[in-house]
Amino acid sequence: MLSLEGVSVRYGGLSALTDVSLSVGEGEFVTVIGPNGAGKTTLMKAISGVVPLSAGRIRLGGQDLAAVPAQRRPHLGLAHVPENRQVFSGLSVLENLELGTTPLADRAQSAGNIEHVLDLFPILRERTAQLAGTLSGGQQQMLAIGRALASTPKVLLLDEPSMGLAPSIVDMIFERIARIHRETGVTVVLVEQRAIEALELCTRAYVLTTGRVVASGSGRDLMRSEEVSRAYLGA
Amino acid sequence: MTDLLPSLETVLQTLATGLLVGCTYGLMCVALGLIFGIMRLINFAQGDFLMLGMYFGLAVLSGAGLGATIGPLPALIFAGLAAIPVFFVLGWVIHALLLARIAQRRGATEGEAHQTQLIMTLGISLVLSNGALMAFGSTPVSLNVPFASQAFILDPLGAGDVLVFLNEARVLAAVAALAAAGGLYALLHRTDLGRQLRASADNPLAATYMGIDVVWSYRVTFGLGFGLTALAGVMVATYYPFQPYVGLDFVIVMYAGVVLGGLGSVMGSFWGGVIIGLVQQLSTLVLPLQLQGTTVFVVFLLILLIRPQGLFGRSVERA
Ligand SMILES: Nc1ncnc2c1ncn2[C@@H]1O[C@H](COP(=O)(O)OP(=O)(O)OP(=O)(O)O)[C@@H](O)[C@H]1O
Ligand SMILES: [Mg+2]
C-alpha cells in the first residue's frame, strides 16, 4: 500500500533521514518508534510531501508520489494527523471536520463520514459549534483524528497522538485508534515515543534512530529485543 | 454661547454623511483586511487598486460612452459589477506572475517570503501609479454623473424644520459597499470556498494536509481583494475627483480602519472603516479645518494605546 525506498531528507546541512526503506501492506498497522529527534515527524512529512526528498522514492498504492504535490496526496487516500494536532483553532469543530472532507466529491458521503466521526468521539458532538482552539488537548487530538478520518482515507498517518496528554486520555486515544483500524480496515502508520503501547497495537514495527532504520520486526519481537528495550523502554 | 454649539440639523447631517462615507471606507478596509487576514500580506498597492477602479469607472461611463447610451445609473451599476471580475483576474495574474514566484523561491523561510512580497507590492504600487500618470495624465477628472449633485432629503422630526440631505452618489456607494461586504461575509462563512480560505489563513500546513492548495487560496484572496477595492473605486469616483495619486488620500484611512477593526478580523475591518468615516466627519463640527486631517491619526494612535488588538479583534486570534 505504502512503500519507501532509500528515502533521505536534509534540512540544509543536517541529515534528518538517511536511506530509509519501509513498506506497509494494505490493512496493516505499522508502528515507527524512536527517541526525540530521530526523524519520526520528518518521515511523516516526507510521506505527505511537505518536505522534499533529497533521495529515494515513495509509492502509494503502486503510484510514485514524486510528481504529486502535497495538496493532491489527500485525494489519493492519504490522511495525516500531524504532531501537535494542528487543528484549525479559529474555526469551529464542525468546520474542522468539514475541512477533513475536502478530498471527497460526494456531499452525502461527507455528511455520513462526519456523523461517523461524531459517533466515534461523542464529546465532539456536544461541541460542534465551539472554536477548536478552545478544546482541551485530548479533545483536539480526537478532532485531529476525526478530521483525518472524514476523508475516508486508505492510509492514516498518526504522528505522536499521545503527545502532552494525560495517561487516561492516551489509553482512550490508543483504544480508539485500534478500533478504527479494526472496524474500517484502514492502513495505519503510527509514530510514537511511547514504545510499549505503540508496539502492543501494531502488526509490525520499525525502530528509527538518528534518521536510520535500525531494527524492524513484529511488535512482540521488538519488545523482547535487547537493543530496543535498553534504548526505548528503559528496561 | 449657544451659537458656538452646532445645531441639531448640523449634527444629524454630519452623522449621516459620516455613516455614508464610512460604509465606502468600510469596503476598502474589508478588501485590505481580507488580503492581510488570509495572506498575512500588507498590500502597499491598495491605494493604486482603488485608483484603477476609478479610471475603470471613467472608461466605462465616458470612454465607452455607456453613461450616455444606457443612462448613468445603469452604466454605473454595470461598471461596479464588471469591476469585480475584471480586477479579480488582474489580481490573480499579478499573484501568479509576481507574488507567488518570489514567495516560492527555494530556501526562503516564511518570514522572508512575506518581506519580499511586501516589497513587491510597493513596487507594484509604483508601477501602477506611474503607469497611470503616463496613460491618463495628472489632470484631475471626475465621472460627472447627475446624481452626484442630487440628494435624498430626510425630515427626521417630521416637522419640516430639520432637514438632512443624503447625497445620492454617496448613498449609492454606501449601498454597494454594504452589499459587497455582506456578500464577502457570506462567501467566507457560508461556502466551501470560504471555509477553505479561512483554513488556509488559520493553519496553512494543516490546510495542505486537508488537500487544500494554499497558494491557490492566496491567489483567490488577492483577486477578491483587488476586485472589491476596484468596486469601491468605481463608486467613490462618482463624487470624488481623481488623478493617478488619488490612492494616497485613502490609504491612511484604510490602514487605520483595518487596525481599528483588529488586524486579521475581516468583518471588523468594515466597522473600523465606518468609525473612521464618522470620526472624520464629526471632527468637522469641533475642529478648525487645518486640524481635521489629524483626527484620524489621533484616534488611530489612541486605539493602538488602549486596545492594540483593535476594537473587534480577539487578542488570541493569531496564535
Ligand atoms: N524545519 C527544520 N529545519 C531544520 N531542522 C529540522 C527541521 N525539522 C526538524 N529538524 C531536525 O531534524 C531532526 C529530526 O526531527 P524530527 O522532528 O523529524 O524528529 P522526531 O523524531 O519527530 O522528534 P520528536 O520525538 O521530538 O517529535 C532533528 O534533529 C531536528 O532538529
Ligand atoms: Mg516528532
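Looking at B:V298, B:V316, which one is of a type in the set (A, V, I, L, M, F, W, C) and at pLDDT 80 or above?
Details: B:V316 fails: at pLDDT 80 or above.
B:V298 is the lone residue from the list that is of a type in the set (A, V, I, L, M, F, W, C) and at pLDDT 80 or above.
Answer yes or no as to whether A:D159 is away from chain B (no Cβ under 13 Å) and within 23 Å of A:F29 (Cα to Cα). Walk me through it before giving the result.
Values: away from chain B (no Cβ under 13 Å): no; within 23 Å of A:F29 (Cα to Cα): yes.
Taking the combined requirement at face value, the residue does not satisfy it.
In the range A:34-56, which residues are touching a helix residue (DSSP H, G or I) at 6+ places or on another chain (Cβ under 6 Å) and within 12 Å of ligand 2 (Cβ to nearest atom)?
A:G34
When the range B:147-167 is examined, which residues are found to be modelled with pLDDT under 90 and either among the polar types (S, T, N, Q) or closer than 17 Å to B:G80 by Cβ (or both)?
Passing the criteria: B:F147, B:A148, B:S149, B:Q150.
Can you find, within the range A:1-34, the residue that is farthest from ligand 1 (Cβ to nearest atom) among those that are out of contact with any strand residue (DSSP E or B) (no Cβ under 7 Å at 6 or more places or on another chain) and outside any strand (DSSP E or B)?
The qualifying residue farthest from ligand 1 (Cβ to nearest atom) is A:G25.
For A:L53, all conditions in the list (1) within 16 Å of ligand 1 (Cβ to nearest atom); (2) surrounded by 22 or more Cβ atoms within 10 Å (Cβ to Cβ) hold save one; what is the number of the exception?
(2)
Within the range A:1-19, take every residue that is within 15 Å of ligand 2 (Cβ to nearest atom), surrounded by 16 or more Cβ atoms within 10 Å (Cβ to Cβ) and not small (G, A, S) and give me the one that is farthest from A:D64 (Cα to Cα).
Applying the filter and picking the extreme gives A:L17.
When the range A:181-195 is examined, which residues are found to be away from ligand 2 (no atom under 14 Å from the Cβ) and surrounded by fewer than 19 Cβ atoms within 10 Å (Cβ to Cβ)?
A:R182, A:E183, A:T184, A:G185
Could you list, ordered by first residue, the pairs with Cβ atoms under 6 Å in which the first is in the range B:248-272 and in contact (Cβ under 8 Å) with a residue 24 or more places away in the chain and the second is among the aromatic types (F, W, Y) and crowded, with 23+ Cβ neighbours inside 10 Å, at least 6 apart or interchain?
Every condition considered, the pairs that remain are B:V253/B:Y25; B:G257/B:Y25.
Could you please find all residues in the range A:132-172 being within 16 Å of ligand 2 (Cβ to nearest atom) and not in a helix (DSSP H, G or I)?
A:L157, A:L158, A:D159, A:E160, A:P161, A:S162, A:M163, A:G164, A:L165
Just for the range A:61-75: of the residues that are in contact (Cβ under 8 Å) with a residue 24 or more places away in the chain and within 14 Å of another protein chain (Cβ to nearest Cβ), which one is nearest to ligand 1 (Cβ to nearest atom)? Give the derivation first.
First, the residues of the range A:61-75 that are in contact (Cβ under 8 Å) with a residue 24 or more places away in the chain: A:61, A:73-75.
Next cut, within 14 Å of another protein chain (Cβ to nearest Cβ) only: A:73-75.
On the way: A:R73: 18, A:P74: 21, A:H75: 25 Å.
Per the criteria, the residue is A:R73.
Being β-branched (V, I, T), buried (at least 18 other Cβ atoms within 10 Å of the Cβ), more than 16 Å from ligand 1 (Cβ to nearest atom) and closer than 29 Å to A:G37 by Cβ: is that true of A:V170 here? Reasoning before the result, please.
On the way: β-branched (V, I, T): yes; buried (at least 18 other Cβ atoms within 10 Å of the Cβ): yes; more than 16 Å from ligand 1 (Cβ to nearest atom): no; closer than 29 Å to A:G37 by Cβ: yes.
Judged against the criteria, A:V170 is not a match.
Of all residues in the range B:276-293, which are loosely packed, with under 12 Cβ neighbours inside 10 Å and under 18 Å from B:V258 (Cα atoms)?
none
How about the range A:128-154: which of its residues are crowded, with 18+ Cβ neighbours inside 10 Å, out of contact with any Pro (no Cβ under 6 Å at 6 or more places or on another chain) and away from every other protein chain (no Cβ under 13 Å)?
A:L135, A:G138, A:Q139, A:M142, A:K154, listed by residue number.
The values are calculated or read from the model by the stated rules, or taken from the named source; none is laboratory data. Every value quoted in this text rests on a predicted model; they were computed, and no experiment measured them. Every residue, glycine among them, receives a Cβ derived from its backbone with ideal geometry; neighbour counts consider all protein chains shown.
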